[in-house]
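Asks: Supplied in structure tokens, the structure appears directly below.
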Amino acid sequence: MDQGPMENAFAAAATLARGDLVGLPTETVYGLGADATDAEAVAKIFAAKGRPHFNPLISHVVSLEAAEALGVFSPLARKLAEAFWPGPLSLVVPRQPDCAVCDLACAGLDTIALRVPSHPLMQQVLRAFGKPVAAPSANVSGRPSPTTADHVLAEFGDKLTLVVDGGPCAVGLESAVVAVIGDQATLLRLGGLSRAELEAVAGPLLAPDASSKAAPASPGMVLRHYAPSAPVRLNGTSAGSGEVMIGFGPGFDGAEFNLSAAGDVVEAAAHLFSMLRAADALNPSAIVIATIPETGLGEAIADRLRRAAER
Ligand code: TXA
Ligand code: MG
């Protein structure tokens with residue numbers, strides 16, 4: 001895979017067109033991509049991930065215009081898209097009646113999750129392919145999301161014919177997922193944008209409510225998720241024998257890992273999954289993680305860590 005970036009983008013588009021899976025870089029995490037209009041190709045994603053079929057996927061497109069061919073954008077949805085696209089926001093909106101994305105990718109729902117990623121290589125792939133790309137994070141279900149091309153190879157290895165190497169992901173957390181039905185915006189998943197950033201544009205966000213159509217609960221919000229194999233102990237200050245410490249901020253000089261020695265939650269988000277993965281690779285009796293302040297992206301990190309600690 002020692003081709004130039006453009007050749008890789010065209011190779012990825014050709015692989016997608018054949019109905020095969022491709023590992024793709026985005027600014028959030030690496031995706032396991034398939035032609036979103038081809039249910040057989042999308043089925044390969046679920047098979048490779050071992051993911052429950054009822055969990056719908058995000059369709060990635062090159063522009064808001066392309067997104068509007070697939071989903072119905074209310075003025076509020078358009079406002080959020082214009083503020084944050086391209087970038088780490090996925091919008092769940094009603095499907096257009098003639099939506100080209102297959103039902104399997106939407107898990108049979110009458111809504112669709114759409115995102116315009118900002119990574120330049122991913123944009124080239126989308127432009128070369130000319131169709132929406134369904135892509136969940138490129139990890140086996142329940143494992144930490146990959147933030148480098150090597151992580152993707154470690155997850156799927158020979159099951160993938162191509163992984164486009166776009167370097168380490170700048171954001172390091174999955175996109176924030178917001179459902180917008182009319183003038184109601186519901187925060188379904190915390191992620192690469194903070195609640196404050198989203199609310200500055202959308203106003204107060206609703207919390208998911210399974211009994212409400214305007215505020216659907218995200219099927220992806222299962223409790224145990226993003227989990228390494230080793231048990232995870234939260235809010236620790238030091239590692240016992242056989243354990244490995246992931247610190248945060250100054251004062252963790254002896255720790256094997258530090259999410260951010262400077263105590264910066266954005267830097268911590270970028271390191272989170274790769275450090276969980278690296279810590280797990282040491283086969284510790286437990287991974288001990290320091291307290292992360294729940295400000296800005298810290299809220300999303302804490303959410304991920306609570307899931308990782310769930311047994
Ligand atoms: O940053 C990201 O979002 C990455 C990169 C590759 O783009 N993708 C990603 O996809 O994290 P995935 O499949 O791991 O997460 C998609 C999330 C899930 O929580 C899923 O339940 C939710 O979006 N979702 C998708 N479609 C939905 C829908 N129609 N209604 C409610 N939730 C939906
Ligand atoms: Mg995922």
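The values are calculated or read from the model by the stated rules, or taken from the named source; none is laboratory data. Model, not experiment: these values are computed from the prediction. Positions of Cβ are backbone-derived with ideal geometry, glycine not excepted, and every protein chain shown enters the neighbour counts. Keep in mind that these areas ignore ligands, DNA and RNA; they rest on the heavy atoms of the full protein, side chains included. Shrake-Rupley method; radii C 1.70, N 1.55, O 1.52, S 1.80 Å.
Asks: Any idea which of VAL125, VAL140, VAL116 is at pLDDT 95 or above and either within 30 Å of PRO231 (Cα to Cα) or over 13 Å from the mean Cα position of the chain (by Cα) (or both)? Spell out how you get there, then give the answer.
Replies: Values: VAL140 fails: at pLDDT 95 or above; VAL116 fails: either within 30 Å of PRO231 (Cα to Cα) or over 13 Å from the mean Cα position of the chain (by Cα) (or both).
One residue alone meets the criteria, VAL125.
Asks: Among the residues of region 121-163, write down those that are closer than 23 Å to CYS99 by Cβ, in contact with a Gly (Cβ under 8 Å, 6 or more places away or on another chain) and part of a helix (DSSP H, G or I).
Replies: MET122, VAL125 - these are the residues of region 121-163 that are closer than 23 Å to CYS99 by Cβ, in contact with a Gly (Cβ under 8 Å, 6 or more places away or on another chain) and part of a helix (DSSP H, G or I).
Asks: Continuing with this model, one more query. Output the qualifying pairs, or none if there are none: Cβ atoms under 9 angstrom, residues six or more apart or on different chains, first residue in region 143-167 and among the aromatic types (Phe, Trp, Tyr), second residue not in a helix (DSSP H, G or I).
Replies: Hits for this filter: PHE156/LEU21; PHE156/GLY23; PHE156/LEU32; PHE156/ALA138; PHE156/ASN139; PHE156/VAL140; PHE156/VAL163.
Asks: For region 273-288, enumerate the residues that are within 18 Å of THR28 (Cβ to Cβ) and open to solvent by 20 Å² or more (accessible area, probe 1.4 Å).
Replies: Taking region 273-288 and keeping what is within 18 Å of THR28 (Cβ to Cβ), we get 273-277.
Hits for region 273-288 are SER274, MET275, ARG277.
Asks: Would region 28-40 turn up any residue that is closer than 21 Å to PRO146 by Cβ, in a helix (DSSP H, G or I) and more than 14 Å from ligand 1 (Cβ to nearest atom)?
Replies: no
Asks: Just to be sure, is ILE58 of a type in the set (Val, Ile, Thr), open to solvent by less than 20 Å² (accessible area, probe 1.4 Å), within 16 Å of ligand 2 (Cβ to nearest atom) and under 20 Å from the mean Cα position of the chain (by Cα)?
Replies: Details: of a type in the set (Val, Ile, Thr): yes; open to solvent by less than 20 Å² (accessible area, probe 1.4 Å): no; within 16 Å of ligand 2 (Cβ to nearest atom): yes; under 20 Å from the mean Cα position of the chain (by Cα): yes.
It is false that ILE58 is of a type in the set (Val, Ile, Thr), open to solvent by less than 20 Å² (accessible area, probe 1.4 Å), within 16 Å of ligand 2 (Cβ to nearest atom) and under 20 Å from the mean Cα position of the chain (by Cα).
Asks: Within 12 Å of ligand 1 (Cβ to nearest atom), open to solvent by 40 Å² or more (accessible area, probe 1.4 Å) and within 20 Å of GLU197 (Cβ to Cβ): is that true of PRO117 in this structure?
Replies: Considered against the rule, which asks whether it is within 12 Å of ligand 1 (Cβ to nearest atom), open to solvent by 40 Å² or more (accessible area, probe 1.4 Å) and within 20 Å of GLU197 (Cβ to Cβ), PRO117 comes out as no.
Asks: Name every residue in region 232-249 that is surrounded by 12 or more Cβ atoms within 10 Å (Cβ to Cβ) and under 13 Å from LEU282 (Cα atoms), in order of residue number.
Replies: Within region 232-249, GLU243, VAL244, MET245, ILE246 qualify.
Asks: For GLN124, which of the numbered conditions (1) surrounded by 22 or more Cβ atoms within 10 Å (Cβ to Cβ); (2) more than 10 Å from ligand 1 (Cβ to nearest atom) fails to hold?
Replies: (1)
Asks: Could you tell me whether any residue of region 257-269 is surrounded by 15 or more Cβ atoms within 10 Å (Cβ to Cβ), part of a strand (DSSP E or B) and in contact (Cβ under 8 Å) with a residue 40 or more places away in the chain?
Replies: No, there is no match, as no residue in region 257-269 is surrounded by 15 or more Cβ atoms within 10 Å (Cβ to Cβ), part of a strand (DSSP E or B) and in contact (Cβ under 8 Å) with a residue 40 or more places away in the chain.
Asks: Look at GLY19 and say whether it is open to solvent by less than 10 Å² (accessible area, probe 1.4 Å), in contact with a helix residue (DSSP H, G or I) (Cβ under 6 Å, 6 or more places away or on another chain) and either away from ligand 1 (no atom under 13 Å from the Cβ) or modelled with pLDDT of 95 or more (or both).
Replies: The answer is yes for GLY19.
Asks: Okay, next question. Can you tell me how many residues in region 289-308 are surrounded by fewer than 23 Cβ atoms within 10 Å (Cβ to Cβ) and assigned to a strand (DSSP E or B)?
Replies: 0
Asks: So, of the residues in region 24-49 that are at pLDDT below 95 and in contact with a His (Cβ under 9 Å, 6 or more places away or on another chain), which turns out to be farthest from GLY142 (Cα to Cα)?
Replies: ALA43
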